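**Q** For reference, the structure I am asking about is given below.
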Amino acid sequence: MKLRELFRPLNDGLLRHMASAGLMLFANTQAMCTSFKVEVLLGAHQFGAVTLVSRTSLTAPTKDSFKGALYLASATYNAATTAYSATGEASGTGYTAGGAAVTNAVDPTSSGTTAFWTPSASLAWTTVTLTAVDAVLIYNSTQSNRAVSVHTFGSQSVTAANFTLTMPANDATNGLIRFA
């Protein structure tokens, strides 16, 4: 018998006890939201200004608007997240519920077999006071606040200071959103 199997009943019992006592730890988990993957295939998100010739009602669509909302380290946003919610969202002086607009000046592109997209500017909040934030939810504010992805970083607190989330290079290896 493996050691892990020997301790499984003890571990399972401890987890049940912690959950019933309200002692479970919560954590945001970095992920591309599963609902987003399906919605991309359905054509629900418009990151670029492509002309669609197969749909006469959408021959010259405009880009959707995206936002980035900050979440507390105690929140639980992950691949199962389907839409923006104020539950667990950061609050404080200088922070507006719903987060900041994502600058989308660069259309998605590809390199080799990987398609990718990264916001064209960092997300920034000026003179903000925040406590224990560790995640940002990128969501589509044009399409009923549908979730795109959750990105985590070490828990941060700032007092009356600037808070910036620097975007990675827009390439096949580092792009914020990548389909390989």
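**Q** Return yes when Ser144 is among the hydroxyl-bearing types (Ser, Thr, Tyr) and part of a strand (DSSP E or B) and no when it is not.
**A** So Ser144 fails the test.
**Q** Provide a single number: the residues in segment 104-116 that are out of contact with any Gly (no Cβ under 6 Å at 6 or more places or on another chain) and within 16 Å of Ser149 (Cβ to Cβ).
**A** Of all residues in segment 104-116, those out of contact with any Gly (no Cβ under 6 Å at 6 or more places or on another chain) come to 104-106, 109-115.
In the following step, the residues that additionally are within 16 Å of Ser149 (Cβ to Cβ) were identified as 104, 114-115.
Of the residues in segment 104-116, 3 are out of contact with any Gly (no Cβ under 6 Å at 6 or more places or on another chain) and within 16 Å of Ser149 (Cβ to Cβ).
Residues are listed down the side, and each one gets a yes or a no for (1) in contact with a helix residue (DSSP H, G or I) (Cβ under 8 Å, 6 or more places away or on another chain); (2) farther than 19 Å from Asn28 by Cβ; (3) surrounded by 15 or more Cβ atoms within 10 Å (Cβ to Cβ):
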| site | (1), (2), (3) |
| --- | --- |
| Thr114 | no, yes, no |
| Ala132 | no, no, no |
| Ala147 | yes, no, yes |
| Val150 | no, no, yes |
| Arg178 | no, yes, yes |
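**Q** Determine, yes or no, whether Met24 is surrounded by fewer than 14 Cβ atoms within 10 Å (Cβ to Cβ) and either more than 22 Å from Thr131 (Cα to Cα) or modelled with pLDDT of 80 or more (or both).
**A** Answer is no for this residue.
**Q** How about segment 65-108: which of its residues are charged (D, E, K, R) and surrounded by 18 or more Cβ atoms within 10 Å (Cβ to Cβ)?
**A** Across segment 65-108, the qualifying residues are Lys67, Glu89.
**Q** Could you please give the count of residues in segment 67-110 that are at pLDDT below 95 and in a strand (DSSP E or B)?
**A** Here the count works out to 2.
**Q** Given the criterion over 16 Å from the mean Cα position of the chain (by Cα), in a loop (DSSP other than H, G, I, E, B) and surrounded by fewer than 17 Cβ atoms within 10 Å (Cβ to Cβ), identify the matching residue among Ala160, Ala169. Spell out how you get there, then give the answer.
**A** Numbers: Ala160 fails: in a loop (DSSP other than H, G, I, E, B).
Exactly one residue qualifies, and that residue is Ala169.
**Q** Same structure, new question: From the list Val102, Val133, pick out the single residue that is under 16 Å from Tyr71 (Cβ atoms) and touching a Pro at 6+ places or on another chain (Cβ under 7 Å).
**A** Val102
**Q** Further question on the same structure: Hey, among the residues in segment 66-103 that are touching a residue at least 12 places away in the same chain (Cβ under 8 Å) and β-branched (Val, Ile, Thr), which one's farthest from Asn145 (Cα to Cα)?
**A** Filtering segment 66-103 for residues that are touching a residue at least 12 places away in the same chain (Cβ under 8 Å) and β-branched (Val, Ile, Thr), the one farthest from Asn145 (Cα to Cα) comes out as Thr93.
The values are calculated or read from the model by the stated rules, or taken from the named source; none is laboratory data. No experiment lies behind these values; they were computed from the predicted model shown. Glycine also receives a Cβ, built like all others from the backbone with ideal geometry; neighbour counts cover every protein chain displayed.
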